[in-house]
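Novice: Before I ask anything, here is the structure I am working with.
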Amino acid sequence: MTNGGLFSVPGLRRLRVMTQKELLQLFRDVALMVFFLYSFTGDIYLAASGVSMQLKNAAIATLDADYSFASRELASRFQPPYFQPAGSVADARQAIRRLDDGDVMAVLDVPPRFQERLQRGEQVSVQLQVDTSNSVLGFLASSYGAQIVGKYALEAAAQREGLAAAGGIAGPVVEADTRVWYNPNQNDAWFMGISELLTVVTLFSILLPAAAMVREKERGTIEQLMVTPLTSFQILFPKVVAMTLVILAGSAIALFGVLGPLFQLPMRGSLVTFFLITALYVFTTAGLGLLAATVARNLAQVGMLTVVILMPMLLLSGAWTPIEAMPPWMRGLAWISPLHYFLDAAYGILLKGVGMDLLWDSVLAMGGLGIVVFAAGMRRFGRQFG
(Lines give C-alpha, C1' and ligand atoms only; values in the text may rest on other atoms or scores of the structure.)
Protein backbone atom coordinates (compact mmCIF):
# COMPACT_ATOMS: atom_id res chain seq x y z
CA MET A 1 0.00 0.00 0.00
CA THR A 2 1.59 3.25 -1.05
CA ASN A 3 1.57 6.15 1.31
CA GLY A 4 1.75 8.95 -1.25
CA GLY A 5 3.28 12.36 -0.79
CA LEU A 6 1.65 15.11 1.18
CA PHE A 7 0.57 16.98 -1.96
CA SER A 8 -0.49 13.92 -3.92
CA VAL A 9 -4.18 13.16 -4.27
CA PRO A 10 -4.15 10.49 -1.54
CA GLY A 11 -2.02 12.75 0.68
CA LEU A 12 -4.38 15.69 0.31
CA ARG A 13 -7.35 13.42 0.98
CA ARG A 14 -5.74 12.19 4.19
CA LEU A 15 -4.97 15.77 5.18
CA ARG A 16 -8.60 16.77 4.64
CA VAL A 17 -9.97 13.81 6.60
CA MET A 18 -7.54 14.27 9.50
CA THR A 19 -8.25 18.00 9.62
CA GLN A 20 -11.99 17.34 9.76
CA LYS A 21 -11.39 14.85 12.58
CA GLU A 22 -9.46 17.44 14.60
CA LEU A 23 -12.14 20.08 14.08
CA LEU A 24 -14.91 17.70 15.16
CA GLN A 25 -13.01 16.71 18.29
CA LEU A 26 -12.39 20.35 19.15
CA PHE A 27 -16.00 21.44 18.65
CA ARG A 28 -17.20 18.59 20.86
CA ASP A 29 -15.17 19.94 23.77
CA VAL A 30 -17.79 22.39 25.06
CA ALA A 31 -15.72 23.77 27.95
CA LEU A 32 -12.74 24.52 25.72
CA MET A 33 -14.94 26.16 23.08
CA VAL A 34 -16.62 28.39 25.69
CA PHE A 35 -13.17 29.43 26.93
CA PHE A 36 -12.09 30.04 23.34
CA LEU A 37 -15.07 32.23 22.47
CA TYR A 38 -14.78 34.23 25.69
CA SER A 39 -11.07 34.82 25.13
CA PHE A 40 -11.60 36.25 21.63
CA THR A 41 -14.54 38.42 22.68
CA GLY A 42 -15.08 39.24 26.35
CA ASP A 43 -11.44 39.09 27.39
CA ILE A 44 -10.34 41.39 24.57
CA TYR A 45 -13.19 43.80 25.31
CA LEU A 46 -12.23 43.97 28.99
CA ALA A 47 -8.57 44.53 28.15
CA ALA A 48 -9.36 47.30 25.67
CA SER A 49 -11.89 49.09 27.85
CA GLY A 50 -10.70 48.41 31.38
CA VAL A 51 -6.91 48.70 31.21
CA SER A 52 -5.30 52.11 30.74
CA MET A 53 -1.72 53.26 31.09
CA GLN A 54 -2.70 56.94 30.97
CA LEU A 55 -3.20 59.23 33.95
CA LYS A 56 -6.89 60.09 34.26
CA ASN A 57 -8.58 61.90 37.15
CA ALA A 58 -5.86 61.13 39.68
CA ALA A 59 -7.11 62.28 43.09
CA ILE A 60 -4.97 65.10 44.51
CA ALA A 61 -5.30 66.83 47.87
CA THR A 62 -3.79 70.20 48.85
CA LEU A 63 -1.82 71.05 51.97
CA ASP A 64 -1.96 74.85 51.83
CA ALA A 65 0.12 76.56 54.51
CA ASP A 66 -0.09 79.99 52.83
CA TYR A 67 -3.85 80.48 52.29
CA SER A 68 -3.16 83.12 49.66
CA PHE A 69 -4.52 83.95 46.23
CA ALA A 70 -1.35 82.58 44.63
CA SER A 71 -1.56 79.23 46.44
CA ARG A 72 -5.23 78.81 45.52
CA GLU A 73 -4.44 79.73 41.91
CA LEU A 74 -1.71 77.08 41.75
CA ALA A 75 -3.94 74.41 43.30
CA SER A 76 -6.72 75.23 40.82
CA ARG A 77 -4.40 74.30 37.94
CA PHE A 78 -4.59 70.61 38.92
CA GLN A 79 -7.80 69.78 37.07
CA PRO A 80 -9.22 66.99 34.86
CA PRO A 81 -8.49 65.15 32.70
CA TYR A 82 -5.21 64.38 34.49
CA PHE A 83 -6.09 65.32 38.07
CA GLN A 84 -9.22 65.43 40.20
CA PRO A 85 -9.20 67.75 43.26
CA ALA A 86 -9.92 65.76 46.42
CA GLY A 87 -10.14 68.49 49.05
CA SER A 88 -7.47 69.69 51.45
CA VAL A 89 -5.53 68.25 54.37
CA ALA A 90 -4.75 70.00 57.64
CA ASP A 91 -1.19 68.83 58.19
CA ALA A 92 1.56 66.54 56.91
CA ARG A 93 0.38 63.63 59.05
CA GLN A 94 -3.07 63.68 57.48
CA ALA A 95 -1.48 63.94 54.03
CA ILE A 96 0.58 60.79 54.63
CA ARG A 97 -2.47 59.01 56.02
CA ARG A 98 -4.52 59.74 52.90
CA LEU A 99 -1.65 58.54 50.70
CA ASP A 100 -1.31 55.36 52.77
CA ASP A 101 -5.05 54.69 52.58
CA GLY A 102 -5.04 55.13 48.80
CA ASP A 103 -7.59 57.90 49.17
CA VAL A 104 -5.47 60.20 47.01
CA MET A 105 -2.63 59.65 44.57
CA ALA A 106 -0.84 62.94 45.21
CA VAL A 107 -0.66 65.77 47.72
CA LEU A 108 0.33 69.32 46.72
CA ASP A 109 2.24 70.93 49.60
CA VAL A 110 2.38 74.75 49.37
CA PRO A 111 4.75 76.30 51.97
CA PRO A 112 4.09 79.44 54.10
CA ARG A 113 4.86 82.85 52.56
CA PHE A 114 4.48 81.35 49.09
CA GLN A 115 2.83 84.42 47.55
CA GLU A 116 5.10 86.86 49.36
CA ARG A 117 8.27 85.17 48.14
CA LEU A 118 6.93 84.97 44.61
CA GLN A 119 6.24 88.70 44.57
CA ARG A 120 9.76 89.41 45.83
CA GLY A 121 11.28 87.21 43.14
CA GLU A 122 12.75 84.78 45.66
CA GLN A 123 13.17 81.08 45.01
CA VAL A 124 10.35 79.03 46.49
CA SER A 125 9.81 75.27 46.43
CA VAL A 126 6.49 73.48 46.13
CA GLN A 127 6.39 69.82 47.11
CA LEU A 128 4.31 67.23 45.27
CA GLN A 129 4.06 63.96 47.18
CA VAL A 130 3.10 61.14 44.81
CA ASP A 131 2.03 57.56 45.44
CA THR A 132 4.27 55.56 43.07
CA SER A 133 3.13 52.07 44.02
CA ASN A 134 2.08 52.04 40.36
CA SER A 135 5.36 53.28 38.93
CA VAL A 136 3.99 54.19 35.49
CA LEU A 137 1.08 56.29 36.75
CA GLY A 138 3.22 57.74 39.53
CA PHE A 139 5.81 58.88 37.00
CA LEU A 140 3.10 60.45 34.85
CA ALA A 141 1.58 62.24 37.86
CA SER A 142 4.94 63.69 38.89
CA SER A 143 5.73 64.71 35.29
CA TYR A 144 2.38 66.42 34.72
CA GLY A 145 2.64 68.07 38.14
CA ALA A 146 6.09 69.43 37.33
CA GLN A 147 4.78 70.83 34.03
CA ILE A 148 1.87 72.56 35.78
CA VAL A 149 4.10 74.10 38.45
CA GLY A 150 6.71 75.12 35.88
CA LYS A 151 4.15 76.85 33.68
CA TYR A 152 2.66 78.64 36.68
CA ALA A 153 6.12 79.81 37.80
CA LEU A 154 6.88 81.16 34.33
CA GLU A 155 3.60 83.08 34.22
CA ALA A 156 4.18 84.44 37.73
CA ALA A 157 7.67 85.64 36.78
CA ALA A 158 6.36 87.29 33.63
CA GLN A 159 3.61 89.02 35.56
CA ARG A 160 6.03 90.22 38.21
CA GLU A 161 8.30 91.75 35.60
CA GLY A 162 5.37 93.44 33.91
CA LEU A 163 5.85 91.42 30.72
CA ALA A 164 2.26 90.27 30.56
CA ALA A 165 1.05 93.83 30.17
CA ALA A 166 3.61 94.41 27.44
CA GLY A 167 2.10 91.67 25.34
CA GLY A 168 4.13 88.64 26.33
CA ILE A 169 7.58 87.50 27.29
CA ALA A 170 10.34 89.41 25.55
CA GLY A 171 13.08 87.58 23.71
CA PRO A 172 13.12 84.37 21.68
CA VAL A 173 10.58 81.68 22.48
CA VAL A 174 11.00 77.99 21.64
CA GLU A 175 7.77 76.11 21.04
CA ALA A 176 7.52 72.33 20.86
CA ASP A 177 5.48 71.27 17.83
CA THR A 178 4.62 67.63 18.55
CA ARG A 179 3.02 65.45 15.91
CA VAL A 180 1.51 62.17 17.08
CA TRP A 181 1.50 59.49 14.37
CA TYR A 182 -0.60 56.32 13.92
CA ASN A 183 -2.65 56.84 17.11
CA PRO A 184 -3.30 60.60 17.18
CA ASN A 185 -5.75 60.45 20.09
CA GLN A 186 -3.35 58.21 22.03
CA ASN A 187 -6.19 55.75 22.49
CA ASP A 188 -5.16 53.08 24.98
CA ALA A 189 -7.92 50.78 23.75
CA TRP A 190 -6.15 50.24 20.42
CA PHE A 191 -2.85 49.23 21.99
CA MET A 192 -4.38 47.13 24.76
CA GLY A 193 -6.88 45.47 22.43
CA ILE A 194 -4.27 44.43 19.87
CA SER A 195 -1.88 43.35 22.61
CA GLU A 196 -4.53 41.15 24.22
CA LEU A 197 -5.51 39.71 20.84
CA LEU A 198 -1.90 38.67 20.19
CA THR A 199 -1.69 37.20 23.68
CA VAL A 200 -4.84 35.14 23.12
CA VAL A 201 -3.58 33.96 19.72
CA THR A 202 -0.33 32.88 21.36
CA LEU A 203 -2.15 31.09 24.18
CA PHE A 204 -4.34 29.01 21.88
CA SER A 205 -1.54 28.39 19.38
CA ILE A 206 0.24 26.53 22.17
CA LEU A 207 -2.76 25.12 24.03
CA LEU A 208 -4.93 23.70 21.24
CA PRO A 209 -2.35 21.50 19.45
CA ALA A 210 -0.94 20.32 22.79
CA ALA A 211 -4.40 19.52 24.13
CA ALA A 212 -5.30 17.63 20.95
CA MET A 213 -2.15 15.52 21.21
CA VAL A 214 -2.55 14.76 24.91
CA ARG A 215 -6.22 13.90 24.38
CA GLU A 216 -5.09 11.27 21.86
CA LYS A 217 -2.56 9.94 24.39
CA GLU A 218 -5.14 9.74 27.18
CA ARG A 219 -7.60 7.84 24.99
CA GLY A 220 -4.94 5.54 23.58
CA THR A 221 -5.76 6.47 19.99
CA ILE A 222 -2.28 7.78 19.22
CA GLU A 223 -0.93 4.21 19.05
CA GLN A 224 -3.73 3.31 16.64
CA LEU A 225 -2.76 6.22 14.39
CA MET A 226 0.89 5.15 14.42
CA VAL A 227 0.08 1.73 12.91
CA THR A 228 -1.81 3.33 10.01
CA PRO A 229 -0.06 4.30 6.74
CA LEU A 230 0.15 7.87 8.07
CA THR A 231 3.57 9.36 8.74
CA SER A 232 4.35 11.44 11.83
CA PHE A 233 4.05 14.58 9.73
CA GLN A 234 0.65 13.52 8.38
CA ILE A 235 -0.55 12.99 11.95
CA LEU A 236 0.78 16.25 13.38
CA PHE A 237 0.30 18.67 10.48
CA PRO A 238 -3.54 18.33 10.30
CA LYS A 239 -3.72 19.24 13.98
CA VAL A 240 -1.85 22.45 13.25
CA VAL A 241 -3.98 23.17 10.17
CA ALA A 242 -7.23 22.66 12.10
CA MET A 243 -6.12 24.82 15.02
CA THR A 244 -4.86 27.50 12.64
CA LEU A 245 -8.27 27.71 10.96
CA VAL A 246 -10.01 28.00 14.32
CA ILE A 247 -7.61 30.67 15.60
CA LEU A 248 -7.96 32.67 12.38
CA ALA A 249 -11.74 32.55 12.85
CA GLY A 250 -11.33 33.76 16.43
CA SER A 251 -9.06 36.59 15.29
CA ALA A 252 -11.65 37.65 12.71
CA ILE A 253 -14.34 37.69 15.42
CA ALA A 254 -12.10 39.84 17.63
CA LEU A 255 -11.29 42.33 14.87
CA PHE A 256 -14.68 42.63 13.19
CA GLY A 257 -16.88 41.96 16.20
CA VAL A 258 -15.05 43.74 19.03
CA LEU A 259 -12.12 46.02 18.18
CA GLY A 260 -13.54 47.43 14.96
CA PRO A 261 -17.15 48.30 15.84
CA LEU A 262 -16.68 48.96 19.57
CA PHE A 263 -13.32 50.77 19.63
CA GLN A 264 -12.99 52.01 16.03
CA LEU A 265 -9.67 50.28 15.45
CA PRO A 266 -8.59 51.66 12.06
CA MET A 267 -7.04 48.49 10.53
CA ARG A 268 -5.12 50.58 8.00
CA GLY A 269 -3.12 47.83 6.32
CA SER A 270 -3.98 44.72 4.32
CA LEU A 271 -6.06 42.32 6.38
CA VAL A 272 -5.15 39.51 3.99
CA THR A 273 -1.50 40.08 4.89
CA PHE A 274 -2.39 40.18 8.58
CA PHE A 275 -4.22 36.84 8.48
CA LEU A 276 -1.46 35.21 6.43
CA ILE A 277 1.16 36.34 8.95
CA THR A 278 -1.12 35.20 11.78
CA ALA A 279 -1.33 31.75 10.17
CA LEU A 280 2.47 31.64 9.93
CA TYR A 281 2.75 32.66 13.57
CA VAL A 282 0.27 29.99 14.67
CA PHE A 283 2.33 27.39 12.78
CA THR A 284 5.49 28.66 14.49
CA THR A 285 4.01 28.64 17.98
CA ALA A 286 2.16 25.35 17.48
CA GLY A 287 5.54 23.65 17.36
CA LEU A 288 6.04 24.69 20.97
CA GLY A 289 2.67 23.16 21.80
CA LEU A 290 3.65 19.88 20.16
CA LEU A 291 6.88 19.84 22.17
CA ALA A 292 4.86 20.41 25.34
CA ALA A 293 2.51 17.57 24.36
CA THR A 294 5.39 15.10 24.19
CA VAL A 295 6.26 15.97 27.80
CA ALA A 296 2.79 16.29 29.35
CA ARG A 297 0.86 13.21 30.40
CA ASN A 298 -2.55 14.82 30.88
CA LEU A 299 -4.46 18.01 30.14
CA ALA A 300 -3.65 19.51 33.55
CA GLN A 301 0.06 19.30 32.76
CA VAL A 302 -0.62 20.84 29.35
CA GLY A 303 -2.14 23.87 31.08
CA MET A 304 0.86 24.28 33.37
CA LEU A 305 3.36 23.90 30.54
CA THR A 306 1.41 26.43 28.46
CA VAL A 307 1.83 29.02 31.20
CA VAL A 308 5.54 28.19 31.50
CA ILE A 309 6.00 28.77 27.76
CA LEU A 310 3.62 31.72 27.42
CA MET A 311 4.91 34.03 30.15
CA PRO A 312 8.53 34.33 28.90
CA MET A 313 7.25 34.90 25.37
CA LEU A 314 5.04 37.77 26.57
CA LEU A 315 7.71 39.38 28.75
CA LEU A 316 10.39 39.09 26.05
CA SER A 317 8.18 40.28 23.19
CA GLY A 318 8.85 43.99 23.74
CA ALA A 319 5.17 44.81 24.22
CA TRP A 320 5.63 46.14 27.75
CA THR A 321 9.36 46.84 27.91
CA PRO A 322 11.40 47.90 24.86
CA ILE A 323 14.08 45.37 24.03
CA GLU A 324 16.70 48.13 24.22
CA ALA A 325 15.78 48.67 27.89
CA MET A 326 16.27 45.00 28.82
CA PRO A 327 19.47 43.65 30.40
CA PRO A 328 22.01 42.58 27.76
CA TRP A 329 21.59 38.86 28.47
CA MET A 330 17.83 39.11 27.93
CA ARG A 331 18.06 40.88 24.58
CA GLY A 332 19.38 37.77 22.89
CA LEU A 333 16.47 35.75 24.25
CA ALA A 334 14.03 38.39 23.02
CA TRP A 335 15.24 37.99 19.44
CA ILE A 336 14.31 34.29 19.45
CA SER A 337 10.78 34.96 20.72
CA PRO A 338 8.36 34.57 17.78
CA LEU A 339 5.91 36.91 19.51
CA HIS A 340 8.41 39.75 19.13
CA TYR A 341 8.19 39.50 15.34
CA PHE A 342 4.43 38.95 15.32
CA LEU A 343 4.03 42.04 17.49
CA ASP A 344 5.96 44.20 15.02
CA ALA A 345 3.96 42.84 12.11
CA ALA A 346 0.54 43.21 13.76
CA TYR A 347 1.05 46.78 14.95
CA GLY A 348 2.66 47.67 11.64
CA ILE A 349 -0.29 46.38 9.61
CA LEU A 350 -3.22 47.40 11.81
CA LEU A 351 -2.03 50.82 13.01
CA LYS A 352 0.67 51.95 10.57
CA GLY A 353 -0.63 50.40 7.37
CA VAL A 354 2.76 49.02 6.32
CA GLY A 355 3.17 46.15 3.89
CA MET A 356 5.48 43.25 3.22
CA ASP A 357 8.19 45.58 1.93
CA LEU A 358 8.83 46.55 5.55
CA LEU A 359 7.76 43.33 7.27
CA TRP A 360 9.69 40.77 5.25
CA ASP A 361 12.43 40.41 7.87
CA SER A 362 9.92 39.68 10.65
CA VAL A 363 8.11 37.17 8.42
CA LEU A 364 11.40 35.50 7.49
CA ALA A 365 12.43 35.23 11.14
CA MET A 366 9.05 33.77 12.12
CA GLY A 367 9.21 31.25 9.29
CA GLY A 368 12.71 30.16 10.25
CA LEU A 369 11.75 29.72 13.89
CA GLY A 370 8.62 27.84 12.86
CA ILE A 371 10.53 25.31 10.75
CA VAL A 372 13.03 24.66 13.53
CA VAL A 373 10.46 24.34 16.32
CA PHE A 374 7.99 22.23 14.33
CA ALA A 375 10.78 19.92 13.18
CA ALA A 376 11.92 19.52 16.79
CA GLY A 377 8.39 18.69 17.90
CA MET A 378 7.92 16.18 15.09
CA ARG A 379 11.29 14.56 15.82
CA ARG A 380 10.49 14.17 19.51
CA PHE A 381 7.05 12.80 18.65
CA GLY A 382 8.60 10.25 16.30
CA ARG A 383 11.06 9.11 18.95
CA GLN A 384 8.34 8.80 21.58
CA PHE A 385 5.80 6.90 19.50
CA GLY A 386 7.78 5.64 16.54
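The values are calculated or read from the model by the stated rules, or taken from the named source; none is laboratory data. Owing to the predicted nature of the structure, the values given are computational and were not obtained by experimental measurement. Note that we place each Cβ from the backbone using ideal geometry, even for glycine, and neighbour counts take in every protein chain shown.
Novice: Please list, ordered by residue number, the helices (runs of 4 or more DSSP H) wholly in segment 270-386 having 1 or more residues that are among the polar types (S, T, N, Q) and over 20 Å from Val246 (Cα atoms).
Specialist: Output list reads 271-295, 299-315, 356-385.
Novice: Same structure again: Can you confirm whether Pro238 is farther than 16 Å from Arg297 by Cα and either of a type in the set (Val, Ile, Thr) or touching a residue at least 12 places away in the same chain (Cβ under 8 Å) (or both)?
Specialist: It is true that Pro238 is farther than 16 Å from Arg297 by Cα and either of a type in the set (Val, Ile, Thr) or touching a residue at least 12 places away in the same chain (Cβ under 8 Å) (or both).
Novice: When segment 55-76 is examined, which residues are found to be surrounded by fewer than 18 Cβ atoms within 10 Å (Cβ to Cβ), under 35 Å from the mean Cα position of the chain (by Cα) and at negative phi?
Specialist: Listed by number, the residues that qualify are Lys56, Ala59.
Novice: Would you tally the residues in segment 77-99 being part of a helix (DSSP H, G or I) and exposed (fewer than 12 other Cβ atoms within 10 Å of the Cβ)?
Specialist: 1
Novice: I've got another one for you. What number of residues in segment 277-305 are under 20 Å from Val372 (Cβ atoms) and either among the acidic types (Asp, Glu) or surrounded by 15 or more Cβ atoms within 10 Å (Cβ to Cβ) (or both)?
Specialist: Total meeting the criteria: 19.
Novice: Another question, if that's okay. Scan segment 135-143 and tell me whether some residue there is small (Gly, Ala, Ser), at pLDDT below 90 and in the same structural domain as Gln115 (by TED's automatic domain parsing).
Specialist: yes
Novice: Right, here's the next one. Residues to consider are Thr284, Thr306; find the one that is under 14 Å from Thr199 (Cα atoms), modelled with pLDDT of 85 or more and not aliphatic (A, V, I, L, M).
Specialist: Thr306
Novice: Can you give me the number of residues within segment 31-54 that are surrounded by 14 or more Cβ atoms within 10 Å (Cβ to Cβ) and either part of a loop (DSSP other than H, G, I, E, B) or of a type in the set (Asp, Glu) (or both)?
Specialist: 3
Novice: Give just the number: which of (1) over 27 Å from Gln186 (Cβ atoms); (2) out of contact with any Asp or Glu (no Cβ under 6 Å at 6 or more places or on another chain) does Gln127 not satisfy?
Specialist: (2)
Novice: While we're looking at this one, here's another question. Mind checking which residues of segment 328-386 are of a type in the set (D, E, K, R), surrounded by fewer than 16 Cβ atoms within 10 Å (Cβ to Cβ) and within 14 Å of Gly318 (Cα to Cα)?
Specialist: Across segment 328-386, the qualifying residue is only Arg331.
Novice: Also: I want to confirm something. Restricting to segment 203-247 and keeping residues that are of a type in the set (Ser, Thr, Tyr) and at pLDDT 80 or above, which single residue is surrounded by the fewest Cβ atoms within 10 Å (Cβ to Cβ)?
Specialist: Step by step, filter segment 203-247, then rank; the result is Thr244.
Novice: Provide a single number: the residues in segment 15-30 that are surrounded by 14 or more Cβ atoms within 10 Å (Cβ to Cβ), of a type in the set (A, V, I, L, M, F, W, C) and either more than 28 Å from the chain's Cα centre (by Cα) or at positive phi (or both).
Specialist: Result for segment 15-30: 3.
Novice: Inspect all residues belonging to segment 19-42 and state whether any of them is among the hydrophobic types (A, V, I, L, M, F, W, C) and farther than 19 Å from Ile247 by Cα.
Specialist: So far as segment 19-42 goes, no, none of its residues is among the hydrophobic types (A, V, I, L, M, F, W, C) and farther than 19 Å from Ile247 by Cα.
Novice: Another question, if that's okay. Consider Leu118 against the criteria (1) part of a helix (DSSP H, G or I); (2) in contact with a helix residue (DSSP H, G or I) (Cβ under 8 Å, 6 or more places away or on another chain); (3) exposed (fewer than 13 other Cβ atoms within 10 Å of the Cβ); (4) of a type outside the set (Asp, Glu): it satisfies all of them except one. Which criterion is unmet?
Specialist: (3)
Novice: Right, next: Somewhere in segment 34-53, is a residue touching a residue at least 60 places away in the same chain (Cβ under 8 Å) and farther than 30 Å from Leu248 by Cβ?
Specialist: no
Novice: Starting from segment 86-98, take each residue that is in the same structural domain as Leu108 (by TED's automatic domain parsing) and within 17 Å of Ala75 (Cα to Cα) and list its partners that are surrounded by 11 or more Cβ atoms within 10 Å (Cβ to Cβ) and β-branched (Val, Ile, Thr), counting only C-beta distances under 7 angstrom and pairs at least six apart or across chains.
Specialist: Ala86/Ile60; Ala86/Val104; Ser88/Thr62; Val89/Val107; Ala95/Val89; Ala95/Val107
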